[in-house]
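K.L.:
Take a look at this one; I'll ask things after.
What follows is calculated from the coordinates using simple rules that are stated; it is not laboratory data. For clarity, every value in this text was computed on a predicted model and none was experimentally measured. Cβ sites come from the backbone with ideal geometry, for glycine too, and all protein chains shown count toward neighbours.
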Amino acid sequence: MTDRTPTPATAPAAAAAAAVLDLEDLRSTLASIIDVDTDEVTDTADFKEDLDVDSLLALEILVALERKYQVRMEQSNLQEVRSLKATYDLLSEKLGAA
């Protein structure tokens, strides 16, 4: 049996694999956090107005995105996470800067 513990050489590759951004995967992730069907998370649906996301749930979204995509979100990003498209754009920017 082989040891599958990541070595320093393979650990960055594993981290990079976790940071792949896919719009439909993001839609599914957000729908799961918000507890709605994926078809309700349209590209332009406003999380606060259309999907009843309050500030606590918005914070939960940020924490989940930090963990999933291994990026650092700031409290100021709460205002930017208003729709799927805005969230995708924010993550694209953060992943591109990483």
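K.L.:
What translational D, rounded to a whole number of µm²/s, comes out for the stretch 46-98 from Stokes-Einstein when the hydrodynamic radius is the Kirkwood one over Cα pairs, at 4 °C and 1.567 mPa s?
P.N.:
116 µm²/s
K.L.:
Then there is this: Just to confirm a number: summing +1 for Lys and Arg and -1 for Asp and Glu over residues other than Ser83 whose beta-carbon lies under 13 angstrom from that of Ser83, what do you get?
P.N.:
-3
K.L.:
In nm, give the distance between the simple-model label positions of Leu23 and Glu49, each being 7 Å from the Cα along the Cα-to-Cβ direction.
P.N.:
Modelled inter-label distance: 2.1 nm.
K.L.:
Loop-only check: which GluC sites (Glu not before Pro) in the stretch 39-98 are DSSP coil with at most 14 other Cβ within 10 angstrom?
P.N.:
Glu74
K.L.:
Arg82's amide H: which non-local residues (gap 5+, or another chain) put their own amide H closer than 5 Å, with H modeled 1.01 Å from N in plane and none for Pro or chain starts?
P.N.:
Thr87
K.L.:
Just subtract the alpha-carbon distance of Leu95 and Asp35 from 0.36 nm times their residue separation and send over the number in nm, one decimal.
P.N.:
19.0 nm
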